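Asker: Below you will find the structure I want to go over with you.
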Amino acid sequence: MRPRHNTEVALAYQELRPEDIMDAVEAAGFRCDGRLLALNSYENRVYQVGVEDHVNIVAKFYRPGRWSDAAILEEHAFSIELADDELPVVPPLDRDGVTLFHRDEFRFALFECRGGRAPDLDDMELLAQLGRLVGRIHIHGETQPFINRPSLDVDSFGRESAAYLLEHDFIPDDIRDAYRSLSTDLLTQVEHCFDRAGNPEYLRLHGDFHPGNVLVTEDQLHIVDLDDARMGPAVQDIWMFLSGDRSEQTPQLNEILEGYTQFLEFDARELHLIEALRTLRIMHYAAWLARRWEDPAFKRAFPWFDSGRYWDEHVLSLREQLALMQEEPLAWSN
């Protein structure tokens, strides 16, 4: 059965009106000038807010029930640690020692507004620069673990995702058996990839490091949105910048790792994880949409989800991943 409609969680943001947003920002010590722009975000609600005598700020209202206060504050501390080392990470604003604010039932954080364009992944120098930044992030990431944030693992991203989709009848009946069998084969192969990678060390990561979370202004990069920061293998913060076919990805990977290894060693065995991590992301993404399907914003933004065509294409992409995980990993000319 589909999950019962949970009004408190699914419709929580219905109570977040423009005046509530500005009241919350003013309670944190900023005087709003009336300008408010909703930004592209679904898991949380994020707004650009105009304030007097200050650059615009971004207010992020956290989805109720997703993270504990301790987990959010751990993310904030990691961002501030990176920014203090002059990494171009946009940390939360600190108001008298407070970075996580409460307003009625909502929790929110404030950030300076940073603009920019998406990175050009054909720009090899930019890829090397990204590699250097990831290496510097991981220098901090390996110094201590997260205590209150999760790890990227096969169970939470893979098994639990497949189980949720099956148990809540999101998979159409005509491909249900095929999906169940395929997901079993996929997760077996993912585990083989982790075995070939030598059970890699886990460190603190950005966790969701993709081109949408990098803003480019002239020669300056800004790294945003550490909301998915977690423990995981180093290659998780690298593989999402690879695009195209194998012949295109190989020079991209070499350029990123050329930059990365200027600051930190990279274990080449982790290259076995690239397609495994891509597989887990595909599975997790489908389950994420399903878990949020009662949120009206998701039905507006993803109208194609929960259609027969979507699930046919989803299964096809997973079958392609099964084949890719059995190929040799990308080559790194270290």
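Asker: Being over 17 Å from the mean Cα position of the chain (by Cα) and among the aromatic types (Phe, Trp, Tyr) is the filter here; which residues of region 180-218 pass it?
Answerer: PHE194
Asker: Output the number of the condition that PHE157 fails; it satisfies all remaining conditions of (1) in contact with a strand residue (DSSP E or B) (Cβ under 8 Å, 6 or more places away or on another chain); (2) crowded, with 18+ Cβ neighbours inside 10 Å.
Answerer: Of (1) in contact with a strand residue (DSSP E or B) (Cβ under 8 Å, 6 or more places away or on another chain); (2) crowded, with 18+ Cβ neighbours inside 10 Å, only one is false for PHE157: (1).
Asker: Among the residues of region 291-313, how many are crowded, with 19+ Cβ neighbours inside 10 Å and modelled with pLDDT of 95 or more?
Answerer: Going through region 291-313 one residue at a time, the tally reaches 1.
Asker: Name the single residue, out of those in region 50-79 being free of Cβ contacts under 8 Å to residues at least 40 places away in the same chain and more than 18 Å from the chain's Cα centre (by Cα), that is surrounded by the fewest Cβ atoms within 10 Å (Cβ to Cβ).
Answerer: Here the answer is ASP53.
Asker: Right, next: Which pairs have Cβ atoms under 6 Å, sit 6 or more apart or on different chains, and link a residue in region 19-36 that is free of Cβ contacts under 8 Å to residues at least 24 places away in the same chain to one that is buried (at least 18 other Cβ atoms within 10 Å of the Cβ) and part of a helix (DSSP H, G or I)?
Answerer: CYS32/MET22; CYS32/VAL25
Asker: May I ask you to list pairs of residues, at least six apart or on different chains, whose Cβ atoms are under 7 Å apart, with the first in region 111-137 being over 25 Å from THR261 (Cβ atoms) and the second being of a type in the set (Ser, Thr, Tyr) and surrounded by fewer than 16 Cβ atoms within 10 Å (Cβ to Cβ)?
Answerer: GLY115/THR217; GLY116/THR217
Asker: Also: With respect to TRP311, is the statement that it is under 16 Å from PRO172 (Cβ atoms), in the same structural domain as ASP228 (by TED's automatic domain parsing) and outside any helix (DSSP H, G or I) true?
Answerer: no
So that you can scan it fast, the table gives a plain yes or no per residue for (1) outside the structural domain of ILE80 (by TED's automatic domain parsing); (2) surrounded by fewer than 18 Cβ atoms within 10 Å (Cβ to Cβ); (3) in contact with a strand residue (DSSP E or B) (Cβ under 7 Å, 6 or more places away or on another chain); (4) polar (S, T, N, Q):
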position	(1), (2), (3), (4)
PHE209	yes, no, no, no
GLN220	yes, yes, no, yes
ASP225	yes, no, no, no
MET231	yes, no, yes, no
ALA234	yes, no, yes, no
LEU242	yes, no, no, no
PRO251	yes, yes, no, no
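Asker: Further, regarding this structure: For region 80-124, what are the residues that are surrounded by 14 or more Cβ atoms within 10 Å (Cβ to Cβ) and closer than 30 Å to GLU248 by Cα?
Answerer: Listed by number, the residues that qualify are LEU87, PRO88, VAL89, GLY116, PRO119, LEU121, MET124.
Asker: If PHE266 passes every condition in (1) over 18 Å from the mean Cα position of the chain (by Cα); (2) under 30 Å from ASP169 (Cα atoms) but one, which one does it miss?
Answerer: (2)
Asker: Go through region 33-82 and report how many residues are more than 21 Å from GLY97 (Cα to Cα) and part of a strand (DSSP E or B).
Answerer: So the answer is 12.
The values are calculated or read from the model by the stated rules, or taken from the named source; none is laboratory data. Everything numeric in this text was worked out from a predicted model, so none of it was measured. Glycine gets a Cβ as well: all are built from the backbone with ideal geometry, and neighbour counts include every protein chain shown.
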